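To start, the structure itself, in structure tokens.
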Amino acid sequence: MSKAIYPGSFDPVTYGHIDIIRRAAKIFDELTVSVLNNKVKTPLFSVDERVKMLQEVCKDIPNVKIDSFSGLLADYASECGTDVIIRGLRAITDFEYELQMAQTNHKIAEHVDTVFLTTSLEYAYLSSTTVKEVASFGKDVTQFVPPCVAEKIYEKYR
Ligand code: PNS
């Protein structure tokens, strides 16, 4: 059975992430979408909230599981018995950081490789950061995130 992990902050999940999830879930038998529990960053949503939003928006994709992890991604992949990490590439500006991360992960755990999916053109500009900024000024964000996620963002800025 082919397995992959799609890790990220998902603070919050956007249509860009969902596009990658749906496409990766067609390629692999089992896809685990995993939220990083990062003690350094101050996210808008707790890990638990981010996991719940991902569960809601992925509930119609049967081979997708939602999880969270802390520590090194390469160690987490080894613990899961998974050799493949999925990452989305939006633009050339993502490339340097992603290349560094992929190579570091491969150095830490030689069995781990990163597979990049290029973000669909319609979502190439989209990021969780910009969605939060737009919402913080009271604007509608339903073209960027599913309605259930938009509601949760509005609650934070109310
Ligand atoms: O959605 P993001 O914030 O771009 O995701 C980044 C993520 C979670 C994939 C990355 O920060 C990560 O894997 N962090 C775990 C720590 C780690 O393994 N660092 C070494 C690789 S450079």
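The values are calculated or read from the model by the stated rules, or taken from the named source; none is laboratory data. As the structure is a computational prediction, the values presented were derived from the model and not from experiment. Positions of Cβ are generated from backbone atoms using ideal geometry, with glycine treated the same way; all protein chains shown enter the neighbour counts. Ligands, DNA and RNA are excluded from the accessible area calculation, which covers all protein heavy atoms including side chains. Shrake-Rupley method; radii C 1.70, N 1.55, O 1.52, S 1.80 Å.
Run down V35, V112 and say which single residue is buried (at least 19 other Cβ atoms within 10 Å of the Cβ), of a type in the set (A, V, I, L, M), closer than 27 Å to P147 by Cα and within 14 Å of the ligand (Cβ to nearest atom).
Working: V112 fails: closer than 27 Å to P147 by Cα.
Exactly one residue qualifies, and that residue is V35.
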Subject >> Segments classed as strands (runs of 3 or more DSSP E), wholly inside segment 1-108, with at least 1 members that are in contact with a Gly (Cβ under 8 Å, 6 or more places away or on another chain) >> reply: 3-8, 30-36, 84-89
Original post:
Can you tell me which residues in segment 95-109 are within 10 Å of the ligand (Cβ to nearest atom) and farther than 18 Å from V84 by Cβ?
Top reply: Y97, Q100
**OP:** For residues that are among the small types (G, A, S), part of a loop (DSSP other than H, G, I, E, B) and farther than 30 Å from V84 by Cα, tally how many sit in segment 112-148.
**Re:** 1
Subject >> Residues located in segment 47-90, provided they are touching a strand residue (DSSP E or B) at 6+ places or on another chain (Cβ under 6 Å), more than 16 Å from the ligand (Cβ to nearest atom) and open to solvent by 30 Å² or more (accessible area, probe 1.4 Å) >> reply: Q55, N63, K65
Original post:
Can you name the number of the only condition in (1) closer than 23 Å to R22 by Cα; (2) without any contact (Cβ under 8 Å) to a residue 40 or more places away in the chain; (3) not small (G, A, S) that L72 fails?
Top reply: (1)
**OP:** Please go through segment 11-24 and pick out each residue that is away from the ligand (no atom under 11 Å from the Cβ) and open to solvent by 10 Å² or more (accessible area, probe 1.4 Å).
**Re:** Y15, I18, D19, R22, R23
**OP:** Please tell me if S128 is surrounded by 16 or more Cβ atoms within 10 Å (Cβ to Cβ), within 14 Å of the ligand (Cβ to nearest atom) and of a type in the set (S, T, Y).
**Re:** yes
**OP:** Could you please tell me which pairs satisfy a Cβ distance under 9 Å, a separation of 6+ or placement on different chains, a first residue in segment 100-121 that is under 17 Å from L31 (Cα atoms) and of a type in the set (D, E), and a second residue that is within 12 Å of the ligand (Cβ to nearest atom) and part of a helix (DSSP H, G or I)?
**Re:** D113/A102; D113/N105; D113/H106
Original post:
Give me the pairs: first residue in segment 127-156 and at pLDDT 95 or above, second residue among the acidic types (D, E) and open to solvent by 70 Å² or more (accessible area, probe 1.4 Å), beta-carbon distance under 6 Å, and six or more apart or on different chains, which are they?
Top reply: C148/E56
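Quick one: in segment 96-108, of everything that is out of contact with any Phe, Trp or Tyr (no Cβ under 9 Å at 6 or more places or on another chain) and surrounded by 12 or more Cβ atoms within 10 Å (Cβ to Cβ), which residue is farthest from I20 (Cα to Cα)?
At the first step, the residues of segment 96-108 found to be out of contact with any Phe, Trp or Tyr (no Cβ under 9 Å at 6 or more places or on another chain) are 96-97, 99-101, 103-108.
Now drop any that are not surrounded by 12 or more Cβ atoms within 10 Å (Cβ to Cβ), which leaves 99, 101, 104-106, 108.
Working: L99: 18, M101: 18, T104: 22, N105: 20, H106: 21, I108: 25 Å.
Only one residue tops the list, namely I108.
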**OP:** Could you grab me the full set of residues in segment 53-76 that are more than 13 Å from the chain's Cα centre (by Cα) and either within 24 Å of E151 (Cβ to Cβ) or acidic (D, E) (or both)?
**Re:** E56, K59, D60, I61, D75
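Name every residue in segment 143-158 that is open to solvent by less than 60 Å² (accessible area, probe 1.4 Å) and out of contact with any Pro (no Cβ under 6 Å at 6 or more places or on another chain), in order of residue number. I'd like the intermediate steps shown before the answer.
Restricting attention to segment 143-158, the residues satisfying the condition of being open to solvent by less than 60 Å² (accessible area, probe 1.4 Å) are 144-146, 148-150, 153-154.
The answer is F144, V145, P146, C148, A150, I153, Y154.
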